[in-house]
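See structure below.
The values are calculated or read from the model by the stated rules, or taken from the named source; none is laboratory data. Quick caveat: nothing in here was measured; it's all calculated off a predicted structure. Neighbour counts run over all protein chains shown; Cβ positions are idealised from the backbone, glycine included. The area values use the complete protein model at the heavy-atom level, side chains included, leaving out ligands, DNA and RNA. Shrake-Rupley method; radii C 1.70, N 1.55, O 1.52, S 1.80 Å.
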Amino acid sequence: MEKEVKRSRTQWVRLIKDNNSVLILAVLLAVCFLFVDGYKNGFYNVIVYSSIYGVICLGLGLVMITGNIDLSVGFQAGLAGVTTVLSFNAVYAATGGNSTLSLIISIVVALLTGALTGLFNGFVVAKIGVSPLIATIATNYLFKGLVFNFAQSSFAPTDADAVKVIAKTKLFGLRWLTPSVIIFVVIVILLGLWMYKTKFGNRLHVVGDNPEAASYSGISVSKTVLITYILCGVLAAVSGFLMVSFDGYTIYTQGNSLSTFPISCCVIGGIKMAGGKGTVVHMLLGVLIMRAISTMMSVMFLSTDMINLITGILLVAVLIIDRFTSTKSADE
């Protein structure tokens, strides 16, 4: 009897440790709703902004699960934003003002841009063998240079209202329900099904946990890593397009703000930097936690410097909590 009670207690402790990000989010939201004036009215921003910036975190999470990193996702999104505006304006002018066709073409071009940037990163890392840290720092500067060339100031579509339809339309009159939110939810569901219902999706954790063992078992490690980088680029492009749709323009500083945010979201959510552990749910929780913190700072009308300071302190605190509550791996 005593052994069963002890086993049950161990299982509950392990469950809490493996899902500590759920506890962190619950406590954070409880504190915000109870003690931060105006947070309830501004909570819809957590959902809306999570849909816009969360997609990029999903892509990076896939790369991190394989034990790699991509520091160029911010300017991959920025470059997709630039090509969105360029293609929209070109088609708009060529068709005499056909906004619908211009929007469709711009979305396709943005996704192709993301696929190409992701393919380039994946080729350098998986096929040539360059360190992912060094490779993506270099490509970050490359993509940044391209963005700066076009978007040194605000760079807007000819018909900005047509582009804003995706991120600004309030469905059923609800501020938190927009097409961008639906797109984000659909991507989360599809990504979750892909990771857990397909052989390739299951290989991600094997590759991240032990590349050599994965290779011996017949898994193409380089192919797996390459595909995750391509997906990362495509998902970054989705975020890039949604940012243009939300703001009505693109600007070179958008990439700067996304340099560390996706990594923070993934780590806080439970994705391990060493690879081999992480789920779509972990990525989603990380996004919600970071956006909840950002919204709290905004509602309190703090200065930018103070927001950066407090966000940094909270981030360190959450990482420390994660360090001491996460389940130890087998080799520890």
- Subset tally (residues that are more than 18 Å from Val55 (Cβ to Cβ) and open to solvent by 30 Å² or more (accessible area, probe 1.4 Å)) for region 257-276: 3
- If you take the residues in region 31-52 that are of a type in the set (Ser, Thr, Tyr) and closer than 13 Å to Ile293 by Cβ, which one is surrounded by the most Cβ atoms within 10 Å (Cβ to Cβ)? Ser50
- Item | Among the residues listed as Ile47, Ile52, Ile69, Ile56, the single one being in a loop (DSSP other than H, G, I, E, B) and either at pLDDT below 90 or of a type in the set (A, V, I, L, M) (or both) | Ile69
- Note on the structure: Of the residues in region 236-256, those that are closer than 14 Å to Ser50 by Cβ and either out of contact with any Ser or Thr (no Cβ under 6 Å at 6 or more places or on another chain) or at pLDDT below 85 (or both) number 4
- Task: May I ask you to verify whether Leu28 is surrounded by fewer than 20 Cβ atoms within 10 Å (Cβ to Cβ) and modelled with pLDDT under 95?
- Result: yes
- Query: So which pairs qualify, if the first residue must be in region 113-133 and within 12 Å of Val73 (Cα to Cα) and among the basic types (Lys, Arg), the second must be part of a helix (DSSP H, G or I) and open to solvent by 60 Å² or more (accessible area, probe 1.4 Å), the Cβ gap must be under 6 Å, and the two must be at least 6 apart or on different chains?
  - Reply: none
- Item | Selection from region 301-332 of residues that are surrounded by 15 or more Cβ atoms within 10 Å (Cβ to Cβ), assigned to a loop (DSSP other than H, G, I, E, B) and at pLDDT 70 or above | Leu302
- From the residues in region 226-256 that are over 17 Å from Leu62 (Cβ atoms) and polar (S, T, N, Q), which one is surrounded by the fewest Cβ atoms within 10 Å (Cβ to Cβ)? Thr253
- Note on the structure: Note on Asp209: of the conditions (1) touching a residue at least 12 places away in the same chain (Cβ under 8 Å); (2) open to solvent by less than 50 Å² (accessible area, probe 1.4 Å), unmet is (2)
- Item | Test result for Leu58, in contact (Cβ under 8 Å) with a residue 12 or more places away in the chain, closer than 30 Å to Ile227 by Cβ, open to solvent by less than 40 Å² (accessible area, probe 1.4 Å) and within 23 Å of the chain's Cα centre (by Cα) | yes
- Item | Residues (within 12 Å of Ile24 (Cα to Cα) and at pLDDT 85 or above) located in region 269-281 | Gly269
- Query: Does Gly96 satisfy the condition of being among the small types (Gly, Ala, Ser), open to solvent by 50 Å² or more (accessible area, probe 1.4 Å), under 20 Å from Pro157 (Cβ atoms) and modelled with pLDDT under 95?
  - Reply: yes
